[in-house]
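Trainee: There's a structure below that I have some questions on.
The values are calculated or read from the model by the stated rules, or taken from the named source; none is laboratory data. As the structure is a prediction and not an experimental result, all values here were calculated from the model. FYI the Cβ positions are ideal-geometry reconstructions off the backbone, even for glycines, and counts take in every protein chain you see.
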Amino acid sequence: MPGGVTRIFWDRFDGLRNMLGMIRLKVASMAAIFTCFLTLMLPHALSAAEAVVTDVRVGPQARATRVVFELTNQVPYNVFSLSNPYRVVIDMPEVGWRLPPRPLPGRSGVFETLRYGLYKPGNSRVVVDLRQPAIVKKTFIMAPIGTYGYRLVIDLVGASKAVFTRHQKAGPIKVAQLGTSQFVGPKPPVTVIPAASIPTKPSVNVVATSPQAQPQPQLPQQVVAASSGQNVQNAAFQLAPRKPAIRPQNEKRVVIVDAGHGGPDPGTIGNSGIFEKHITLAMARELKQRLEASGRYKVLLTRQRDIFIRLRERVQIARDAGADLFISLHADSIKNRKINGPSVYTLSENASDKEAATLASKENKSDLIAGIDLTNENRDVTNILIDLAQRESMNQSATFAGHLIKSLKQEVEVLRNTHRFAGFAVLKAPDVPSVLVEMGFLSNPTDERNLRSRTYRRRFAGAMKKGIDAYFSRVEEARSR
Ligand code: ZN
């Protein structure tokens with residue numbers, strides 16, 4: 001890739017210029033530093049709103065691994081590190097992504113892979129997975145030169161665990177403008193944009209608010225590990241049950257449709273490069289339309305755009321809405337490409353089989369993948385605690401799963417042992433019957449093609465609606481007895 005080499009060369013050359021610039025900055029007057037500080041305090045960079053990332057490159061730079069983001073405008077940003085596993089997170093204002101149509105950079109030096117996306121309104125995030133502990137040796141923004149625009153540069157250098165921890169404790173590095181970098185801390189990562197306002201009542205646009213800005217559940221929150229939790233990152237949580245609302249028969253049933261993943265958590269990636277997060281949102285929209293067209297349902301989506309939402313936030317949206325049903329949509333992938341067809345999962349302390357346990361542990365990693373620090377969350381309890389109220393919901397969930405599978409079977413070929421169970425964190429609402437639907441395997445060419453097709457999604461959503469109808473008819477029948 002000669003172009004890439006030339007570019008890395010230019011970045012090096014510019015890096016040198018930049019270093020000189022930084023030395024000059026060190027001896028600059030206090031006034032300049034004060035100005036810099038002012039810029040930090042002004043969270044919106046003037047041009048940040050229109051900034052677009054046009055390319056990402058990774059390559060060696062002396063002893064370091066250099067990660068370069070090409071930008072149309074300069075943006076302020078924060079860089080901080082996380083361990084278990086080792087990651088570097090770059091937060092910036094909401095930016096557009098218009099990358100060239102080629103795969104993202106692969107393994108190089110200490111760099112393993114990266115993902116990006118909208119972390120919350122006004123805040124885009126990049127998560128870099130590291131192959132080993134590494135520190136941010138240097139970071140800066142370069143001014144445009146020749147045919148190159150602004151470049152945000154991060155130099156990573158492998159380090160011992162001790163050095164990594166020391167740097168991590170120093171807090172995030174904030175860069176406000178060209179060629180400046182500053183170590184501030186120790187403080188929790190400060191995001192660039194102020195949090196969005198908190199809605200008092202849940203509504204359809206509940207997803208447009210920041211997950212961080214939403215009040216953390218004011219509930220006894222014993223944080224416990226999922227049953228599939230040999231991996232300590234499978235944080236689930238315990239919530240106090242509420243009495244389910246008895247709705248008059250003529251009132252609309254409230255269904256929460258949860259499009260799995262989003263933002264910097266793409267979910268699984270299909271053969272053709274399609275992200276699970278896009279498939280789940282497309283199906284969620286289809287299902288909402290289908291259900292609402294019947295006039296019997298009020299449907300809320302946990303997210304309406306490509307944005308990250310924490311697992312517990314998804315559960316909270318359902319509880320706040322006093323939902324009658326929660327459906328989390330996903331698509332799996334597996335080594336064996338021949339395996340296809342949808343399956344339905346419900347919550348359980350003990351997984352039905354090894355595959356279900358593995359799947360739950362994979363799906364429960366969403367928060368981790370999006371660059372959230374889970375080290376302060378208590379994850380040492382070994383089992384999900386399930387109380388009586390939860391059990392009632394679990395029975396309802398199983399009944400619903402039965403109806404859903406029956407109607408899916410009429411429309412598509414489903415997986416063997418279709419109804420399975422495991423410790424899915426997103427199914428933890430104690431008072432809302434909840435299921436997780438794996439709509440198919442993105443590793444299977446037929447499933448992938450199907451799920452990408454609007455016609456197929458319509459059929460699939462239609463089948464789901466039939467199952468939902470059947471479930472509520474049953475519930476109403478039971479009540480009227
Ligand atoms: Zn998923």
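Trainee: Is there a residue in the stretch 326-335 that is over 17 Å from Lys288 (Cα atoms) and more than 13 Å from the ligand (Cβ to nearest atom)?
Mentor: Looking through the stretch 326-335, at least one residue is over 17 Å from Lys288 (Cα atoms) and more than 13 Å from the ligand (Cβ to nearest atom).
Trainee: If you go through the stretch 359-371 one residue at a time, how many are under 16 Å from Arg115 (Cα atoms) and either near the ligand (Cβ under 10 Å from one of its atoms) or at pLDDT below 85 (or both)?
Mentor: 2
Trainee: Report, ordered by the first and then the second residue, all pairs with beta carbons closer than 6 Å, sequence separation of six or more or different chains, a first member in the stretch 249-267 that is farther than 23 Å from Val432 by Cα, and a second member that is assigned to a strand (DSSP E or B) and within 16 Å of the ligand (Cβ to nearest atom).
Mentor: Short answer, once both residue conditions are applied: Gly263/Gly117; Gly263/Ile307; Pro264/Arg115; Pro264/Gly117; Pro266/Arg115; Pro266/Phe275.
Trainee: So, in the stretch 423-442, of the ones that are small (Gly, Ala, Ser) and modelled with pLDDT under 90, which residue ends up nearest to the ligand (Cβ to nearest atom)?
Mentor: To start, the set of residues in the stretch 423-442 that are small (Gly, Ala, Ser) comprises 423, 425, 429, 434, 440.
Then drop every residue that is not modelled with pLDDT under 90, which leaves 423, 425, 429.
Details: Gly423: 15, Ala425: 12, Ala429: 18 Å.
Residue satisfying both the conditions and the ranking: Ala425.
Trainee: Scan (1) at pLDDT 95 or above; (2) in a loop (DSSP other than H, G, I, E, B); (3) surrounded by fewer than 20 Cβ atoms within 10 Å (Cβ to Cβ) for the single condition Arg303 breaks and write down its number.
Mentor: (3)
Trainee: Arg247 passes all but one of (1) more than 16 Å from the ligand (Cβ to nearest atom); (2) at pLDDT below 95; (3) buried (at least 20 other Cβ atoms within 10 Å of the Cβ); which number fails?
Mentor: (3)
Trainee: Is it the case that the stretch 268-287 has a residue that's farther than 20 Å from Ser397 by Cβ, in contact with a His (Cβ under 7 Å, 6 or more places away or on another chain), assigned to a loop (DSSP other than H, G, I, E, B) and among the small types (Gly, Ala, Ser)?
Mentor: no
Trainee: Hey, another quick one. Residues Arg420, Arg474: which one is in contact (Cβ under 8 Å) with a residue 24 or more places away in the chain, of a type outside the set (S, T, N, Q) and within 16 Å of the ligand (Cβ to nearest atom)?
Mentor: So the residue among Arg420, Arg474 that is in contact (Cβ under 8 Å) with a residue 24 or more places away in the chain, of a type outside the set (S, T, N, Q) and within 16 Å of the ligand (Cβ to nearest atom) is Arg420.
Trainee: For the stretch 322-340, check the following and say yes or no: at least one residue is part of a helix (DSSP H, G or I) and within 23 Å of Ala422 (Cα to Cα).
Mentor: No - not one qualifying residue is present in the stretch 322-340.
Trainee: Show the residue pairs meeting these rules: Cβ distance below 7 Å; 6+ apart or different chains; first residue within the stretch 270-296 and in the same structural domain as Glu251 (by TED's automatic domain parsing) and away from the ligand (no atom under 12 Å from the Cβ); second residue of a type in the set (Val, Ile, Thr) and not in a helix (DSSP H, G or I).
Mentor: From the stretch 270-296, the pairs are Ala284/Val257; Leu287/Val257; Lys288/Val257; Lys288/Val299; Leu291/Val255; Leu291/Val299; Glu292/Val299.
Trainee: Looking at the stretch 47-86, which of its residues are charged (D, E, K, R) and either more than 15 Å from Asp129 (Cα to Cα) or in a loop (DSSP other than H, G, I, E, B) (or both)? It would help to see each step written out before you state the result.
Mentor: First, pick out the residues of the stretch 47-86 that are charged (D, E, K, R): 50, 55, 57, 63, 66, 70.
Within the stretch 47-86, Glu50, Asp55, Arg63, Glu70 meet the criteria.
Trainee: For the stretch 401-434, give me each residue that is buried (at least 24 other Cβ atoms within 10 Å of the Cβ) and part of a strand (DSSP E or B).
Mentor: The answer is Phe421, Ala422, Ser434.
Trainee: Something else: Take the stretch 93-126 and flag every residue that is touching a Phe, Trp or Tyr at 6+ places or on another chain (Cβ under 7 Å) and on the phi > 0 side of the Ramachandran plot.
Mentor: Within the stretch 93-126, just Gly117 meets the criteria.
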